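*Asks:* One structure, as structure tokens, below. Some questions next.
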Amino acid sequence: MRNLIERRSLLFQLVRRDFEQRFVGSAVGWIWGLIHPLVLLLSWVFVFQVCLKQKPPAGETSYALFVFAGMLPWLLFSETVQRSAPSLLDQANLITKTVFPAEIVPVSVFLSTLISHLLALALIIVAELWMNQVSIFLLLLPLYMLAIGLFAVGVGWIVASLHVFLRDTAQMLSVVLTMWFWATPIFLDEEKFPAQAKFLLLANPLYYLVKSYRAVLLHSAPPDFRDLGVAIAFGAAAFVAGGLFFRYMKRGFADVL
């Protein structure tokens, strides 16, 4: 935490460079950050609503908005973790040849991904304004983003440090995230999960965040603050565990990188 605060100017430079490099040479630039989630949304809605005749859960007016609100926290988390895994190898020259706090690299990945997340979030808020469904509880969104950030950075520190020593980490992570994705109620209402699989929801931090995003974005009623507390507890635990693990593993980075 001390390194993150003292090197905040370096952190912001890394965030800006990362965001710019993702779209350098692109004809439409940052708009790709909107195109990607929209194409995913259209594909999923076509498969589940049009082909499989999936209906919106009780109390929901639009299946597309139901899916979109649920996919936003998942995309922010999964993209951060996936891009964090090879991030130390990408910055190997800085880590080995300069006095560089390696722990800020996954943090910069999250903040860069957060920019695209905010752009996509603006789309659903505009849709809600058009439908006259905007809730005052949108002001709570930064707290949920903080919970996602703590959890994603903590997991990102773990996979990034493992990937330095075990180059199969990124491939294993892809498998784990695929299973994790289907254990998160993005397309289906949680009530449709079989009773014997309910434990997967309760042990899944993304379940509480997906549920809370939908409550804040789609409903005028206050969200369940117990879900926020559980999400922040998961995030804080992952952040501390990931930070300690990263600090232990970073001693050997220079030799391997």
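Just so it is clear, none of the values below were taken in a lab; they were calculated from the coordinates. None of these values were measured; they are calculated from a predicted model. Here Cβ is always computed from backbone atoms with ideal geometry, including for glycine, and neighbour counts include all displayed protein chains.
*Asks:* Calculate the FRET efficiency for residue 167 and residue 47 from the Cβ-Cβ distance with a Förster distance of 51 Å, rounded to the nearest 0.05. Intermediate values should be presented prior to the final figure.
*Replies:* Numbers: r = 34 Å, r/R0 = 0.66.
Result of the calculation: an efficiency of 0.90.
*Asks:* How long is the gain from residue 62 to residue 199 if the chain were fully straight, where each residue apart is worth 0.36 nm and the alpha carbon distance is subtracted? Numbers along the way, then the final one.
*Replies:* Numbers: separation 137, 0.36 × 137 = 49.32 nm, distance 2.77 nm.
Gain on stretching residue 62 to residue 199: 46.5 nm.
*Asks:* Another one. Quick one: if you stick a label point 7 Å off each Cα along the C-beta vector at residue 237 and residue 17, how many nm between them?
*Replies:* 3.6 nm
*Asks:* Quote the FRET efficiency, to the nearest 0.05, computed for residue 130 versus residue 226 with a Förster distance R0 of 25 Å and r equal to the Cβ-Cβ distance.
*Replies:* Working from the Cβ atoms, E equals 0.20.
*Asks:* Have a look at 80, 113, 61 and tell me which one the Gaussian network model of the chain (Cα, springs below 10 Å) gives the largest fluctuation.
*Replies:* Judging by the Gaussian network model, the answer is 61.
*Asks:* For a quick size check, give me the Cα extents of the stretch 118-249 along its three principal axes, largest first, whole Å.
*Replies:* Principal-axis extents of the Cα atoms in the stretch 118-249, largest first: 52, 33, 26 Å.
*Asks:* Further question: Which of the lysines could a cross-linker bridge to residue 55, judged by Cα under 18 Å and excluding same-chain residues fewer than eight apart?
*Replies:* Once the sequence-local lysines are set aside, what remains near residue 55 is 192, 211.
*Asks:* Given a Förster distance of 30 Å, report the FRET efficiency between residue 178 and residue 119 from their Cβ-Cβ distance, rounded to the nearest 0.05.
*Replies:* Calculated transfer efficiency: 0.75.
*Asks:* OK, next. Where does each of 9-20, 66-77 land if you order them by average Cβ count within 10 Å, highest first?
*Replies:* 66-77, 9-20
*Asks:* Where is the GNM fluctuation largest for the chain (alpha-carbon springs, 10 angstrom cutoff): 186, 158, 35?
*Replies:* Largest GNM mean-square fluctuation: 35.
*Asks:* Can I ask one more? Divide, for the chain, the radius of gyration over alpha carbons by 2.2 N^0.38 Å, where N is the residue count.
*Replies:* Normalised Rg, Cα atoms only: 1.04.
*Asks:* Under a GNM of the chain (C-alpha, springs under 10 Å), which listed residue has the highest mean-square fluctuation: 236, 183, 127?
*Replies:* 127
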